[in-house]
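Structure first, then comments.
The values are calculated or read from the model by the stated rules, or taken from the named source; none is laboratory data. Here the structure is a predicted model, which is why all the values come from computation and not from measurement. All Cβ positions, even for glycine, are placed from backbone atoms using ideal geometry, and neighbour counts span all protein chains on display. Remember, those area values only see protein heavy atoms, side chains included, never the ligands or the DNA or RNA. Shrake-Rupley method; radii C 1.70, N 1.55, O 1.52, S 1.80 Å.
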Amino acid sequence: GGDGAVSGGEQSVSSSRGAPVLRGKVIVVDPGHNGGNAGRPDEINKKVFIGNGYKACNTTGTSTAAGYSEHAFTWDLANRLAKVLRGEGAKVTLTREDDRGVGPCVNERAAIGNRAKADAVLSLHGDGAAASGHGFHVIEPLPVGKNTGIVAASARLGEAIRDAYRSGTGIPYASYVGRAGLDRRGDLGGLNLSTVPIVFLECGNMPNPGDAAKMSSASFRQRMADSLARGFEHYLG
């Protein structure tokens, strides 16, 4: 909003009225999986309704060949991204409090974004495809019922995130799934149950050595975070 001038030292992208475009925006960042999931199969294997069927509450996620886990990757990246977004005035909620817990289930992750009335939700993941495949892709929702009203907005969010991540990190579009870095799915509870704009980002393919090297680098994860913040600016600006 145009609520007065910003200081001359403002570093963020600004709107035509001179106010940071993310000020007051509500963003939910969903770091996939959780560090305690592997130890509680009884909890994470329970079936939950995902809008058009039933799936496990959550999963353990994947890892690099060297053992860097997806849950640790998404937790670190989510916190880096949240810091950048908060620095630009956004109100950011993460779907989990640490990397030692269990869950939450996919339906509850969607509910967190819905309750927050988020302007945008980004669920962060690392893929676990064949090691020969490389690159990233954004997963956008297909209409399955409850989410029908946010499918078009989610597609716009997906393109903004894709373009910013591609230009900011140099990681290519996935070689093994999707088209031009985009995929659409109707089997993910986080997408199916959302009533606010949402996409998933598979930041790279963790079994692939090249992707793993980038994802395992703290400085590169910061680059990812900075790039994703640009995506939110372009979508919400």
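Kindly report the accessible area of the chain per residue (heavy atoms of protein chains, probe 1.4 Å, no ligands, DNA or RNA), in Å². Display every interim value, and only then the final one.
Working: 9990 Å² over 237 residues.
Using a 1.4 Å probe on heavy atoms only, each residue of the chain averages 42 Å².
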Open item on the list: Starting from the 7 Å offset along Cα-to-Cβ, what nm value, one decimal, do you get for the label separation of ALA130 and ASN45?
Closed with: 2.8
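Of the beta bridges DSSP finds with both residues in the chain, what % are antiparallel, to the nearest 5? All intermediate terms of the calculation are to be shown ahead of the outcome.
Working: 9 of 29 bridges.
Expressed as a percentage, antiparallel bridges in the chain total about 30.
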TODO: With a 1.4 Å probe and every protein chain kept in, tell me what percent of the accessible surface of the chain is carbon plus sulfur.
DONE: 51
Task: Options ASN208, GLY35, GLY158, ranked by Cα towards positive dipole end of the chain, top entry (Cβ charges) - done: GLY158
- [ ] Round to a whole angstrom and tell me the spacing of the C-alpha centers of the stretch 35-91 and the stretch 105-122.
- [x] 13
Open item on the list: Return the unpartnered cysteines for the chain, using a Cβ-Cβ cut-off of under 4.7 Å.
Closed with: CYS203
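Work through the residues other than GLY189 whose Cβ is under 10 Å from its Cβ and net out their charges, Lys, Arg +1 and Asp, Glu -1.
Charge balance near GLY189 sits at 0.
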Task: Residues of the stretch 129-152 with amide N under 16 Å of a point placed 7 Å along Cα→Cβ from ASP187 - done: 129-130, 139-144
Open item on the list: Quick check: the angle from helix 151-169's long axis to the longest principal axis of the chain, C-alpha only, nearest 10 degrees?
Closed with: 90
Task: Between 0 and 90°, nearest 10: helix 218-236 axis offset from the chain longest Cα axis - done: 60
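Rounded, prolate or oblate: which fits the stretch 23-62, taking a ≥ b ≥ c as square roots of the Cα gyration tensor eigenvalues, rounded meaning a/c under 1.5, else prolate when a/b beats b/c? Provide the component values of the computation, followed by the final result.
Values: a/c = 3.38, a/b = 1.49, b/c = 2.27.
Oblate.
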- [ ] Filter the trypsin sites (Lys or Arg not before Pro) in the stretch 55-154 down to the DSSP loop ones having no more than 10 other Cβ atoms within 10 Å, then list what survives.
- [x] LYS117
Open item on the list: Can you give me the angle between helix 106-115 and the longest principal axis of the chain, using Cα atoms only, in degrees from 0 to 90, rounded to the nearest 10?
Closed with: 20
TODO: May I ask you to derive the relative contact order of the chain, considering only C-alpha pairs under 8 Å and at least 6 residues apart, and to give it as an integer percent?
DONE: 26
